[in-house]
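K.L.:
I am attaching a structure below and will ask some questions about it afterwards.
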Amino acid sequence: MASIFVFAEINEGSISDISLQGLAAARKIAGADRVVAFAAGSGISTVVQSLFGCGADEVVVVDDAKLNEYLTSTYRAAVGAFLAQNKFSLLLFPASTCGNDLAPAIAAELDAACVLDGAALSVEGGKTIVSRIEFDRKVRTCYVATGDRPMVATLKDGIAEVGAPDASKQGAVKLFAVSLPEPKTKIVRRDVAKKSVNLKAAKIIVGAGAGIGSKDNFAKIQELANVLGAQIGATRAIVDAGWLPADHQIGQTGVTVRPELYIACGVSGAVQHWVGISDARKIISINTDKNAPLMKHAHYRVTGDLNVVVPKLVKVLKG
Ligand SMILES: Cc1cc2nc3c(=O)[nH]c(=O)nc-3n(C[C@H](O)[C@H](O)[C@H](O)COP(=O)(O)OP(=O)(O)OC[C@H]3O[C@@H](n4cnc5c(N)ncnc54)[C@H](O)[C@@H]3O)c2cc1C
């Protein structure tokens, strides 16, 4: 029977959401194949229990304090040692900084096929197909491993929905012992940007674009957000101008969001922003230019000056 390996990344003591999405995606295509979740770190046996309820048939942990921080050499040694003894036809990693670093190293070790940033997984004729969205979302390319090679892939955020773990599914976490080398690098300092907003969890987002014109005009955007109980997101233009901290940025180099409602105020809808909002359930675009790209994508469009439209909207919403 073939097996699927899923690397579960631990971030600050929790399994990352993108890894859980990878596990859900693996479960969907697994059929009768076993899904083995693998995690590394020290004292994580309790945290990884939930992997059983999220689709894993087996959960394996390498418990070693050397794995508390992601470093290529130690993780490569831990995962490599496990894979030297256990064969898989498909190996999935999150398309995170860690996953996109580790997966090619593992693929090279296994002489396996490797596809990064997969956006969909499917099976055709018994072969796993990993699809990537390429060239500014204009092309979808599907990859399959040749011959008998295993496929190694990293999967992007949004690959699958993660439901609540099924608490009835429990199991015994297996410890895999490996003697790890001394790390080849060490982290001397890590400066973590303070989180000022959690856009991923937001139901309503008011998006601020360069069309707001000046930092002073933020008061109007803020008022709209307040009356709707919304969070404020931004284009890169706004973040680059220093008007909002970087964690407000939505898009290719920011976060991907899936709110019920996204109200874009003075946002042109450049592809690098669009990739971050395209999964919003409803999009309203307020723009003076009826030909702006987002005015074509949006479900509802208001052609007009946001300095006029936004205060009117606030007035109506306040009753
Ligand atoms: C490698 C790379 C990565 C990038 N990553 C990101 C990313 O993650 N996120 C991101 O957002 N961008 C990103 N960008 C930048 C992106 O290409 C655009 O430049 C950016 O999204 C434009 O932001 P904007 O819509 O605020 O500004 P603009 O494109 O300048 O649009 C402003 C809009 O406001 C409208 N407007 C003007 N005045 C008013 C008014 N009074 N009322 C209503 N509407 C008005 C205009 O008609 C226009 O459509 C990236 C670029 C590169 C090259």
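The values are calculated or read from the model by the stated rules, or taken from the named source; none is laboratory data. Just so you know, these numbers come straight off a predicted model, no measurement behind them. Quick reminder, even Gly has a Cβ in these numbers, built from the backbone with ideal geometry, and neighbours come from all protein chains shown.
K.L.:
List pairs: first in the range 222-243 and among the hydrophobic types (A, V, I, L, M, F, W, C) and surrounded by 17 or more Cβ atoms within 10 Å (Cβ to Cβ), second at pLDDT below 95 and outside any strand (DSSP E or B), Cβ under 6 Å, 6+ apart or cross-chain?
P.N.:
234/244; 238/244; 239/246; 243/215
K.L.:
State all residues of the range 101-111 that are surrounded by fewer than 21 Cβ atoms within 10 Å (Cβ to Cβ) and either within 19 Å of residue 37 (Cβ to Cβ) or not assigned by TED's automatic domain parsing to the domain that holds residue 76 (or both); if no residue qualifies, say none.
P.N.:
Of everything in the range 101-111, just one residue is surrounded by fewer than 21 Cβ atoms within 10 Å (Cβ to Cβ) and either within 19 Å of residue 37 (Cβ to Cβ) or not assigned by TED's automatic domain parsing to the domain that holds residue 76 (or both), namely 110.
K.L.:
OK, next. Among the residues of the range 256-296, write down those that are free of Cβ contacts under 8 Å to residues at least 60 places away in the same chain and among the acidic types (Asp, Glu).
P.N.:
Those that are free of Cβ contacts under 8 Å to residues at least 60 places away in the same chain and among the acidic types (Asp, Glu): 260, 289.
K.L.:
Something else: Given (1) under 22 Å from residue 97 (Cα atoms); (2) of a type in the set (S, T, N, Q); (3) at pLDDT 95 or above; (4) within 16 Å of the ligand (Cβ to nearest atom), where does residue 231 come up short, assuming only one miss?
P.N.:
Single failed check for residue 231: (1).
K.L.:
In the range 273-319, what residues are among the aliphatic types (A, V, I, L, M) and in contact with an Asp or Glu (Cβ under 9 Å, 6 or more places away or on another chain)?
P.N.:
Listed by number, the residues that qualify are 275, 280, 286, 295, 310, 314.
K.L.:
Considering the range 244-267 alone, what residues qualify as being assigned to a loop (DSSP other than H, G, I, E, B) and surrounded by 20 or more Cβ atoms within 10 Å (Cβ to Cβ)?
P.N.:
Of the residues in the range 244-267, the ones assigned to a loop (DSSP other than H, G, I, E, B) are 244-245, 251-254, 256-260, 266-267.
Answer for the range 244-267, where residues must be assigned to a loop (DSSP other than H, G, I, E, B) and surrounded by 20 or more Cβ atoms within 10 Å (Cβ to Cβ): 244, 251, 254, 257, 258, 259, 266, 267.
K.L.:
Every residue in the range 304-319 that is of a type outside the set (A, V, I, L, M, F, W, C) and either within 9 Å of the ligand (Cβ to nearest atom) or in a helix (DSSP H, G or I) (or both), please.
P.N.:
Step one: filter the range 304-319 for residues of a type outside the set (A, V, I, L, M, F, W, C), giving 304-305, 307, 311-312, 315, 318-319.
Listed by number, the residues that qualify are 304, 305, 307, 311, 312, 315, 318.
K.L.:
Residues of the range 251-270 being more than 6 Å from the ligand (Cβ to nearest atom) and closer than 15 Å to residue 210 by Cα, which ones?
P.N.:
Filtering the range 251-270 for residues more than 6 Å from the ligand (Cβ to nearest atom) gives 255-265, 269.
Of everything in the range 251-270, those that are more than 6 Å from the ligand (Cβ to nearest atom) and closer than 15 Å to residue 210 by Cα turn out to be 263, 264, 265, 269.
K.L.:
Kindly provide the set of residues from the range 289-302 that are surrounded by fewer than 16 Cβ atoms within 10 Å (Cβ to Cβ) and either in a loop (DSSP other than H, G, I, E, B) or near the ligand (Cβ under 9 Å from one of its atoms) (or both), ordered by number.
P.N.:
Selection gives 289, 290, 291, 299.
K.L.:
Which condition breaks for residue 206 when tested against (1) touching a residue at least 40 places away in the same chain (Cβ under 8 Å); (2) within 30 Å of residue 49 (Cβ to Cβ); (3) under 26 Å from the mean Cα position of the chain (by Cα)?
P.N.:
The number of the failed condition is (2).
K.L.:
Just one of the numbered conditions (1) more than 17 Å from residue 276 (Cβ to Cβ); (2) more than 16 Å from the ligand (Cβ to nearest atom) is not true of residue 224; which one?
P.N.:
(2)
Yes or no, residue by residue, for (1) assigned by TED's automatic domain parsing to the domain that holds residue 42; (2) more than 27 Å from the chain's Cα centre (by Cα):
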| site | (1), (2) |
| --- | --- |
| 138 | yes, no |
| 142 | yes, no |
| 146 | yes, yes |
| 154 | yes, no |
| 157 | yes, no |
| 163 | yes, no |
| 180 | no, yes |
| 183 | no, yes |
| 191 | no, no |
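K.L.:
Which ones in the range 234-250 are more than 9 Å from the ligand (Cβ to nearest atom) and under 21 Å from the mean Cα position of the chain (by Cα)?
P.N.:
Scanning the range 234-250 gives 245, 246, 247, 248.
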